[in-house]
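Here's the structure we're looking at; comments come further down.
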Amino acid sequence: MANKIVVGTQWGDEGKGKVTNMLARKADLVVRYSGGNNAGHTVVIDDNKFELHLIPSGILYPDKPNILGNGVVIDPQALVEEMEGLEERGINLDNLYISEIAHVVMPYHRLLDRLEEERKGAGKIGTTGKGIGPVYTDKIARRGIRMIELLDEEQFTRKLEESLDYHNTVLEKVYGVQPLDIEEIKAEYRSSIEKIRPHIINTAILIEEACRENKEIFFEGAQGTLLDIDFGTYPYVTSSNPTAGGVCTGAGIGPTEIDEVIGVTKAYQTRVGEGPFPTEQKNKIGEYLREKGHEYGVTTGRPRRCGWLDIPLLKHAVRVNGLTEIALTKLDVLTGLAELLVCTSYQKDGENIAEYPACAQDIKPVYQEFSGWEEDISSIREYSNLPVNARHYLESIEEMVGVPIRIIGVGPGREEAINKD
Ligand code: IMP
């Protein structure tokens, strides 16, 4: 059985939820390993649309264990809300497992996220406001609170007192706002903990058992490579490692257990929040992609910035994730455009640059043109039935990045895809 990772190769929102949901059908276990409820995964099954933020999309298959690994940061209120929303729609959550050593998002994390963005003003990151940067900061600074500590009132109180002592000083002295009240926080967390308690375990053991029994594990990435704290467009990134390497530290599995890494790539490029985007189209093309592709954030509702596919950035994602294949989504959104552009390199000060530079100021994309297609492709399930120009577009991408495209999304539904396997 092959253990697979699904990662986003761009700035998130590549359609990982749909691809995971398609591929998770065969998996025995589905695991999330990084990020928190800053993520937003949309899965459409028949006429039902599910928007998930924390819980892996594999939960939509009954009886499949789904894990929130230790690398995920968990806002208990947001988790309970999501759990209740799924239960109301008849989804069984008995198979949801949460790592006891995953870190907890606290109210001061959300508050600090907002205050820091306000302080930065025009230089803000454009975060989702879910407290992600501050919770990972606390984890690294060794003052975080883990799920296991939530379970024990005494331990939780002690940890919270220590943490609040630090954070209230920062809130008052750095940001000039009122300190937070410990009793209010405790009351808020007490109300969600009982719902979550039965799900909290040592998830690394479950993963180890699955490996030993030769079961297939599916690791579901959140965000995307270009938002990775190390390999993304720093500092306009998230505070975790959504890249494939994050699986080992974020789930508790050795690299020798990983067999395949599938890079989910949108047929064009989008980004929410601030930061560089060399191929961005602030024009009719960008608007066309946004409206046709419904490019509005699942988590924040913000309109996404849209542009042409960027090959040097995709090659970077191939390299740092060790991609074995690509799932290309939303090809149907390009239908109707007479001409498609793909960025193949950049220009800076009159010189051609093949790779995306670590300091990307003032680079200009160099484009290759492709002819578009008019035919509706949403009902096509066989690769050979795609219009010749669509196949040329796909095969050119494969050639440029050196990785095969095995899945092609032609519509939002789970079944609306061409699977070359
Ligand atoms: P944070 O993760 O909320 O700290 O936000 C940091 C950056 O990552 C911002 O530009 C966000 O818009 C972006 N971001 C975080 N999560 C996602 C996601 O799931 N999809 C797309 N962008 C995201």
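The values are calculated or read from the model by the stated rules, or taken from the named source; none is laboratory data. From a predicted model like this one, the values you see are computed outputs, not experimental measurements. Positions of Cβ are generated from backbone atoms using ideal geometry, with glycine treated the same way; all protein chains shown enter the neighbour counts. To get the accessible areas, we keep the full protein, side chains included, count just its heavy atoms, and leave off ligands, DNA and RNA. Shrake-Rupley method; radii C 1.70, N 1.55, O 1.52, S 1.80 Å.
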17 Å Cα-Cα reach of Lys4 towards aspartates and glutamates, excluding residues that sit fewer than 8 places from it in its own chain: Asp28, Glu208, Glu209, Glu213, Glu216, Glu220, Glu257, Asp259, Glu260, Glu325, Asp421
Fraction of antiparallel bridges per DSSP, the chain only, in percent to nearest 5: 40
D (Stokes-Einstein, µm²/s), Kirkwood Cα radius, the range 219-293, 1.306 mPa s at 10 °C: 111
Per-peptide average of other Cβ atoms within 10 Å, ordering 268-275, 178-185, 252-259 highest first: 268-275, 252-259, 178-185
Ranked by how many other beta carbons lie within 10 Å on average, peptides 387-396, 322-331 from highest: 322-331, 387-396
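Work out the length of the dipole vector of the chain about its Cα centre, built from +1 on the beta-carbon of each Lys and Arg and -1 on the beta-carbon of each Asp and Glu, and round it to the nearest 20 debye.
Dipole size: approximately 600 debye.
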Under 16 Å from the Cα of Lys49 - lysines, other chains or at least 8 residues apart: Lys16, Lys18
Residues whose placed amide H lies under 5 Å from that of Val73, excluding near-sequence neighbours: Gly35, Gly36
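Which semi-axis lengths, in whole Å and largest first, follow from the square roots of five times the eigenvalues of the Cα gyration tensor of the chain?
Values: eigenvalues 261, 135, 69 Å².
The equivalent ellipsoid of the chain has semi-axes of 36, 26, 19 Å.
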Vicinal HN-Hα couplings computed from phi for the range 45-52 (Karplus, 6.51 cos²θ - 1.76 cosθ + 1.60; Hz; Gly/Pro x): 10, 6, 9, 9, 10, 10, 10, 10
Pair Lys284, Glu116: separation of 7 Å Cα→Cβ label points (nm): 4.2
Charge tally in the Cβ shell below 14 Å around Tyr346, where Lys, Arg are +1 and Asp, Glu are -1, Tyr346 excluded: -3
Amide hydrogen neighbours beyond the local backbone of Glu274, cut-off 5 Å, H modeled: Gly126
In the range 103-198, lysine pairs with alpha-carbon atoms under 23 angstrom apart (chain gap of 8 or more, or interchain): 17
Burial order of peptide ranges 155-166, 359-370, 8-19 (average beta-carbon count within 10 Å, highest first): 8-19, 155-166, 359-370
Placed amide H near Ser345: partners under 5 Å, 5+ positions off or other chain: Val366
In Hz, Karplus ³J(HN,Hα) per residue of the range 336-343 (6.51, -1.76, 1.60; θ = phi - 60°; x = Gly, Pro): x, 8, 5, 9, 10, 10, 10, 7
Per residue value of the accessible surface for the chain (all protein chains in place, 1.4 Å probe), Å²: 42
All lysines inside 17 Å of Lys282 as judged from Cα atoms, apart from same-chain residues fewer than 8 positions distant: Lys292, Lys364
Glu88/His392 FRET efficiency (R0 41 Å; Cβ-Cβ; nearest 0.05): 0.35
Among Asn168, Gln178, Gly121 the positive-end extreme of the charge dipole of the range 103-198 (Cβ point charges): Gly121
Cα-only Debye scattering, the range 103-198: base-10 log of I(q)/I(0) at q = 0.11, 0.13, 0.26 Å⁻¹: -0.33, -0.45, -1.50
Rounded to whole Hz, the Karplus (6.51, -1.76, 1.60) HN-Hα couplings of the range 295-301, x for glycine and proline: 8, 10, x, 5, 7, 10, x
